[in-house]
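Asker: This is the structure I have questions about; it appears just below.
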Amino acid sequence: MITRRAFSQLALAGLTVPLVPSALGQHTSTLDRALAALDQLHSIQVQLGDEVIVAEAPKGPGLEGLANIKSCSKSVVALLLGTCIAKGEIPSVTSRLVDVSPSIVPPNATQGVDDMTMEDLVTLQAGLESTSGERYGAWVASPNWVANALTRPMVAEPGSRMIYSTGTTHVLGAAMAEASGQSLLRLARQRLGEPMGFEVPPWVHDPQGYYLGGNEMAVTPRAMLSLALLMRDTGRFAGEQVIPADWIRASVMPRGRSPYSGMGYGYGWFISDSGFVLARGYGGQIIAAHPELDLAVAITSDPNRPARSDGYFGNLMNLLKGPIAELAVARRSNP
């Protein structure tokens, strides 16, 4: 059972669900208390099977307003890479950047860039110095974001370890735009937004016109839940195979590990030890799926406050693997 306030909101939206047996009251009360303690939370939606069991927006623009999904954008770019490979625009995930899009590689690129693959980029294992964190401001102030990223020092062997860097995903997005002949915005609209029924408005682009790969996309929380369902259902949405199933399966295989959260990282998606696959954005933006539990979750939070792995983001992970997962198990046991 959800809170009385949440139930009223769902009733108005036509999303009410049958009241669960009283035996599940303990799990719902635990979830209610956990949600009340999250002062950064803007919205949360939880879908179990075909049923939305939680849909609350205590703060922010609501479930239909645009939310900056921050670095969840990296996971969206990774999904689009799968479509470029499926359409033959990029031969394979092991294709080299210099072969896929030679025009974006500057003449003075760092030694080792010539061997960099799409897989190195989508797994954040390019080996180049990060453009994120304290270096982000200087990077986006540079006259050429792609060239700036590709001329940074090589601090690790490409493919050897995860180095979190928005510049890496931006290079990937630019390569996909060149290979497909379409902007990243058009790819997102044509291959995700249109088949799934949500809008993708324009967002930040660099001085060369490449849309920022890896940050600043905005979609509604409803759209985020749709993306969570896409991951839960192996690339299918509303009966249509939107993303190839083999790409989704490959995406959720750990190929590196985050030095911050300790979670595994596949093709643009984090993999938790508790079985959740998720996109993570600054401030506490989350698109999550747990296929074994038949769960899809979308969370938005204050985009201007940090959400560290040992702080608010850790609280959100505890929410997922604790009250939300427990409620899903309880409801499945008491249909």
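Asker: Kindly write out, for the range 119-133 in residue order, the coupling ³J(HN,Hα) from the Karplus curve 6.51 cos²θ - 1.76 cosθ + 1.60 (θ = phi - 60°), rounded to whole Hz, with x marking Gly and Pro.
Answerer: Taking θ as phi minus 60°, the curve returns 5, 4, 6, 6, 9, 6, 10, 5, x, 7, 3, 5, 9, 8, x Hz for the range 119-133.
Asker: Sum -39500 (n - 2.57) across every DSSP H segment of at least 4 residues in the chain, then divide by the residue count to get the 222 nm mean residue ellipticity, nearest 500.
Answerer: Numbers: 13 runs with 113 residues, N = 335.
My calculation for the chain gives -9500 deg cm²/dmol from helical runs alone.
Asker: Taking R0 as 51 Å, what FRET efficiency do you get between N108 and K59 from their Cβ-Cβ distance, rounded to the nearest 0.05? Provide the component values of the computation, followed by the final result.
Answerer: Details: r = 47 Å, r/R0 = 0.92.
Between N108 and K59 the formula returns 0.65.
Asker: If you bin the C-alpha pair distances of the range 152-245 every 10 Å from 0, what whole percents do you get?
Answerer: Pairs per bin, as whole percents: 15, 38, 35, 12, 1.
Asker: Taking each full run of DSSP H in the chain as one helix, which ones are at least 20 Å long along their axis (Cα atoms) and have mean Kyte-Doolittle hydropathy of at least 1.6? If you can, show how the numbers build up before the last one.
Answerer: Working: long enough: 72-86 (22 Å, 1.75); 166-180 (21 Å, 0.45).
Result, helices passing both filters: 72-86.
Asker: I've got another one for you. So what is the relative contact order for the range 277-328, in percent, with contacts set as C-alpha pairs under 8 Å and at least six apart? All intermediate terms of the calculation are to be shown ahead of the outcome.
Answerer: On the way: 62 pairs, mean separation 15.4, N = 52.
Reported relative contact order: 30 percent.
Asker: Determine the sum of side-chain charges near R222: Lys and Arg each +1, Asp and Glu each -1, restricted to other residues whose C-beta is under 11 angstrom from that of R222. Each step should come with its number before you reach the end.
Answerer: Values: positive: none; negative: E64, E199.
Every neighbour counted, the sum reads -2.
Asker: Compute and list, largest first, the equivalent-ellipsoid semi-axes of the chain from the alpha carbon gyration tensor, each √(5λ) rounded to a whole angstrom.
Answerer: Working: eigenvalues 253, 74, 64 Å².
Its equivalent ellipsoid spans semi-axes of 36, 19, 18 Å.
Asker: Let me ask you something else. May I ask you to list the aspartates and glutamates whose Cα is less than 16 Å away from that of K87, ignoring any residue fewer than eight positions away on the same chain?
Answerer: Cα-Cα hits under 16 Å: E178, D246.
Asker: Something else now. Give the lysines whose C-alpha is closer than 27 Å to that of K321, dropping any in the same chain fewer than 8 places away, or say none.
Answerer: Once the sequence-local lysines are set aside, what remains near K321 is K59, K70, K74.
Asker: For the range 44-71 and the range 240-257, compute the distance between their C-alpha centroids and round to whole Å.
Answerer: Using only Cα atoms to place each centre, the spacing works out to 23 Å.
Asker: Given Cα positions, please report Rg to Rh for the range 212-304, the hydrodynamic radius being the Kirkwood one.
Answerer: Working: Rg = 12.9 Å, Rh = 13.6 Å.
Value, to two decimals: 0.95.
Asker: Here is a further query. Any idea what the relative contact order of the chain is, in percent, if you count C-alpha pairs under 8 Å spaced at least 6 apart? Could the numbers behind the result be given before it?
Answerer: On the way: 648 pairs, mean separation 74.3, N = 335.
For the chain, the relative contact order is 22 percent.
Asker: Sketch the reach of a paramagnetic label on R236 as a point 7 Å from Cα along Cα-to-Cβ, and name the residues of the range 273-294 whose backbone nitrogen lies under 15 Å away.
Answerer: 291-292, 294, by backbone N distance to the label point.
Asker: Between R186 and T30, 0.36 nm times their residue separation minus their Cα-Cα distance comes to what? Don't skip to the end; give the middle numbers.
Answerer: Values: separation 156, 0.36 × 156 = 56.16 nm, distance 4.25 nm.
Extra length from R186 to T30 when fully extended: 51.9 nm.
Asker: For the range 158-200, list residues with backbone N below 16 Å from a point placed 7 Å from the Cα of D115 toward its Cβ?
Answerer: Zone members listed by number: 158-161.
Asker: How many nm separate the modelled label positions at M253 and N144, each set 7 Å beyond the Cα in the direction of the Cβ?
Answerer: The two pseudo-label positions are separated by 3.6 nm.
Asker: Given the alpha-carbon gyration tensor of the range 36-153, what are the semi-axes of its equivalent ellipsoid in whole angstrom, ordered largest first, with each equal to the square root of 5 times an eigenvalue? If you can, show how the numbers build up before the last one.
Answerer: Values: eigenvalues 256, 85, 26 Å².
For the range 36-153, the semi-axes come out at 36, 21, 11 Å.
Asker: Okay, moving on. Considering amide H positions built from the backbone, and no H for Pro or chain starts, which residues 5 or more places from H42, or on another chain, come under 5 Å of its amide H?
Answerer: Correct list: T300, S301, D302.
Asker: What FRET efficiency do you get for H205 and Y260 if R0 is 35 Å and r is their Cβ-Cβ distance, rounded to the nearest 0.05?
Answerer: Numbers: r = 28 Å, r/R0 = 0.79.
With a Förster radius of 35 Å, E is 0.80.
Asker: Contact order normalised by length for the range 36-187, with contacts defined as Cα pairs under 8 Å and 6 or more residues apart; what percent is it? Don't skip to the answer; put the middle values down first.
Answerer: Details: 203 pairs, mean separation 33.0, N = 152.
Answer for the range 36-187 is 22 percent.
Asker: Let me ask something else. So for the range 262-335, Kirkwood radius off the Cα pairs, Stokes-Einstein at 10 °C and 1.306 mPa s: how many µm² s⁻¹?
Answerer: Working: Rh = 12.8 Å.
Estimated diffusion coefficient is 124 µm²/s.
Every number in this text was worked out from the coordinates using simple rules, so none of it is lab data. No experiment lies behind these values; they were computed from the predicted model shown. Counting neighbours? That spans all protein chains shown, and the Cβs are built from the backbone with ideal geometry, glycine included.
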